[in-house]
Amino acid sequence: MLNIRIEKTVTPKELPSADNPLLFGTIFTDHMFIMNYENGKGWFDPRIVPYQPLSLEPSAMVFHYGQEMFEGLKAYKAEDGRTLLFRPNKNIERANRSNRRLCIPEIPEEDFLQALKAIVKIDEAWIPTQEGTSLYIRPFVIATDSFLGVRPANNYLFIIILSPVGAYYPEGLDPIKIWIEDEYVRAVKGGIGEAKTGGNYVASMKAQVKAREEGYSQVLWLDGIHRKYIEEVGAMNIFFKIDGTIVTPELNGSILPGVTRDSVIELCKEWGLPVKEIKISIDDIYEAHSKGLLEEVFGTGTAAVISPVGQLRWKDHIMKVQDGGIGPISQKLYDTITGIQMGRIKNNHNWIVEV
Ligand SMILES: *Cc1c(COP(=O)(O)O)cnc(C)c1O
């Protein structure tokens, strides 16, 4: 049990008005959770303080060597007023897997959950209530030693900030266009692709910019060695429905193991749909499309939940899916997962944790 010290803000901000669309990741709540780590001492001084700038030395290791881990999950306001978290233990386990890979000290699971609940509770009034809205939770750890030289740091900060977010697609699910990247790569097996860390994102920006210039909103990554096997999309995992079977790339060490990905696989199994985690090549996708068997494509991630893909571009080939519209499985998964998250649909999986 953490003994969390609480210092409340004396200048609370105005809550965002229900009429304004909440742009993802632009508004932050009144408070943040913060806890220090020092080698030999462990994690100490857990506290909730007013949301404020950090004071770090310019030599802080995170700025130079990128030793940092982050997570992303959401809190939802149910119609009956309860505040709900969706599978937070999956995020906590993954955070510690990322920490191990990045030589960052682990955070005891029960302390992590306690911190999540405590910060969400304090800023509960910030959870928007309209359909599709939620409070995005961003836990992260940074290396703070004042030191130029490459080694794991001795000092860290664990911080949790909160941001109210609107419906990702206010007009309903909106299919995206995806660029299949065959020059740049995001990650390779043995690298840090399966850890949630900033380094993977900076590696992705060049291709993202290129895709945007071509009119595509997201990049689909191929494997770093053969530029052939499908990996994932931007900040989402990817699924295909080919001739009645749902397929997604198997977790191979360079793909981020998404919580939404896992939930989609569980639901498909529950519904009796054939679902396979396998190696899928871009040639398989191209062939399925040519034969008219590529029935649906969708991305999965906490931010958008389910993101239908209406078009894929690979070299000079443009592959349209569902005529650029939304497939029935994508829609059903979206409705079911958001229904569970908002407490409307009862789930048999113990996916909901009340704050
Ligand atoms: C966070 C993330 C995902 C999606 O994971 P969820 O747990 O479903 O939100 C997928 N790919 C990458 C690279 C990510 O960082």
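The values are calculated or read from the model by the stated rules, or taken from the named source; none is laboratory data. Bear in mind that the values here come from a model prediction, so they are computed numbers and not experimental data. Cβ coordinates were reconstructed from backbone atoms using ideal geometry, including for glycine residues, and neighbour counts include every protein chain displayed. With ligands, DNA and RNA removed, areas are computed over all heavy atoms of the protein, side chains included. Shrake-Rupley method; radii C 1.70, N 1.55, O 1.52, S 1.80 Å.
Below is a table of values for the structure above.
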quantity: For the chain, calculated [θ]222 nm from helices alone, where every DSSP H run of n ≥ 4 adds -39500 (n - 2.57); calculated: -7500 deg cm²/dmol
quantity: GNM top mover of ASP223, ASP182, ASP316 - the chain, alpha-carbon springs below 10 Å; calculated: ASP316
quantity: Compactness of region 5-165 as Cα Rg over 2.2 N^0.38 Å, two decimals; calculated: 1.08
quantity: Equivalent ellipsoid, the chain (semi-axes from 5 times Cα gyration tensor eigenvalues, Å); calculated: 34, 25, 18
quantity: Where region 5-165 is the region considered: accessible area per residue in Å², 1.4 Å probe; calculated: 46 Å²
quantity: Per-selection Rg to Rh, region 204-355 - Cα, Kirkwood hydrodynamic radius; calculated: 0.96
quantity: Sites LEU148 and LYS8, calculated FRET efficiency, Cβ-Cβ separation with R0 41 Å, nearest 0.05; calculated: 0.60
quantity: For region 5-165: lysine pairs under 19 Å (alpha-carbon distance), excluding those fewer than 8 apart on one chain; calculated: 9
quantity: GNM flexibility winner over the chain from THR129, THR11, THR248 (Cα, springs under 10 Å); calculated: THR11
quantity: Rounded to 5, the percent of DSSP beta bridges in region 176-341 classed as antiparallel; calculated: 60 percent
quantity: Kyte-Doolittle mean at least 0.0, axial Cα span of 15 Å or more - DSSP H helices of the chain; calculated: 109-122
quantity: Of all accessible heavy-atom area on the chain, the percent that carbon and sulfur account for (1.4 Å); calculated: 51 percent
quantity: Kirkwood-based Rg to Rh ratio, region 246-327, C-alpha trace; calculated: 0.95
quantity: Choice from LEU85, LEU73, LEU333 showing the highest fluctuation, given a GNM over the chain with Cα pairs closer than 10 Å; calculated: LEU333
quantity: Among 341-348, 259-266, 151-158, the order from most to least packed when residues are scored by Cβ within 10 Å on average; calculated: 259-266, 151-158, 341-348
quantity: Alpha-carbon spread of region 178-240, three principal axes, descending order, Å; calculated: 32, 24, 21
